[in-house]
1. Please order 212, 78 by the number of other Cβ within 10 Å, starting at the fewest.
2. If you take every DSSP beta bridge whose two residues both sit in segment 1-153, what share of them, in percent to the nearest 5, is antiparallel?
3. Need the full-extension length gain, residue 163 to residue 36, defined as separation in residues times 0.36 nm minus the C-alpha distance. One decimal, nm.
4. If you find the alpha carbon centre of segment 171-248 and of segment 32-80, how far apart are they in angstrom?
5. Going by how many other beta carbons lie within 10 Å of each one, how would you line up 130, 194, 165, fewest first?
6. Can you tell me the equivalent ellipsoid semi-axes for segment 129-248? Use √(5λ) from the Cα gyration tensor, largest first, whole Å.
7. Give the shape of segment 16-158 as rounded, prolate or oblate, defined through the alpha-carbon gyration tensor: a ≥ b ≥ c are the square roots of its eigenvalues, a/c under 1.5 means rounded, and otherwise the shape is prolate if a/b is larger than b/c and oblate if not.
8. Mind telling me which of 34, 43, 137 comes out most flexible in a GNM of the chain, alpha-carbon contacts under 10 Å?
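Computed from the coordinates by the stated procedures, all read-outs in this text should not be read as laboratory data. Quick caveat, the model's predicted, so the values are computed rather than measured. Here the Cβ positions follow ideal geometry from the backbone for every residue, glycine too, while neighbour counts run over all protein chains shown.
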Ligand code: FPP
């Protein structure tokens with residue numbers, strides 16, 4: 001163990017995952033346990049987002065991807081959708097300065113055509129303000145689902161084929177990756193899901209093919225540095241083979 005902060009060791013004895021993705025689950029249950037409305041859980045979840053960002057920076061992660069609102073979440077009650085959208089707007093406005101100062105480049109990935117104009121403007125502003133940040137890349141997945149993304153890829157590739165700029169036999173992994181929201185980025189090395197659920201929930205279906213998965217039992221609002229570092233330590237114990245035989 002090399003570095004200490006707050007008295008607890010930083011797990012740097014093994015490789016640090018370059019790209020960490022998180023399914024932030026359990027806000028509703030956290031609120032329900034306290035007889036609070038669901039949006040109170042989402043608001044508390046925003047604090048855990050800061051905790052995750054600080055922890056990722058501390059560990060030396062290069063890319064942090066957070067699943068903040070899925071395509072399926074549009075089917076939630078209108079009141080909850082409005083609360084989540086206004087929280088996203090608040091987040092983009094209130095965290096902009098700090099993320100900029102920390103050198104974090106923020107990108108919002110997903111189908112933003114369904115997001116209201118005010119929220120869209122706030123997220124465009126945070127993207128513009130943080131562009132070029134070198135310390136870490138933060139992807140916020142909004143109005144996103146893995147299947148919708150794959151459909152987008154299929155449509156884009158079909159378009160190229162119908163225009164005659166691409167032959168079907170030329171289609172390969174790189175062709176698909178060029179149409180993903182995450183184009184240009186490496187796949188996640190580590191996926192963390194909170195609230196003890198063992199599901200992908202339509203998240204990054206292409207990109208997670210060889211990602212190591214860590215399930216944390218805590219509900220998202222309770223997620224802290226301790227859980228983040230535990231996930232990194234768990235990752236460091238894994239042997240990644242990518243379908244090959246063990247080395248050495
Ligand atoms: C899943 O919990 C969480 C969400 C649908 C929203 C995630 C949003 C945040 C963490 C806060 C805002 C984040 C940003 C980046 C502004 P759930 O509601 O499905 O919980 P449940 O499974 O207990 O019902």
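1. On the way: 212 19, 78 8.
Ordered by Cβ neighbours within 10 Å, fewest first: 78, 212.
2. Details: 2 of 20 bridges.
DSSP beta bridges in segment 1-153 are roughly 10 percent antiparallel.
3. Gain in length upon complete extension: 40.3 nm.
4. Using only Cα atoms to place each centre, the spacing works out to 17 Å.
5. On the way: 130 22, 194 26, 165 9.
The fewest-first ordering by Cβ neighbours comes to 165, 130, 194.
6. Working: eigenvalues 191, 73, 45 Å².
Ellipsoid semi-axes (Å, largest first): 31, 19, 15.
7. On the way: a/c = 1.43, a/b = 1.09, b/c = 1.32.
Taking the square roots of the gyration eigenvalues as a ≥ b ≥ c, segment 16-158 is rounded.
8. Comparing 34, 43, 137 in the GNM, the peak value goes to 34.
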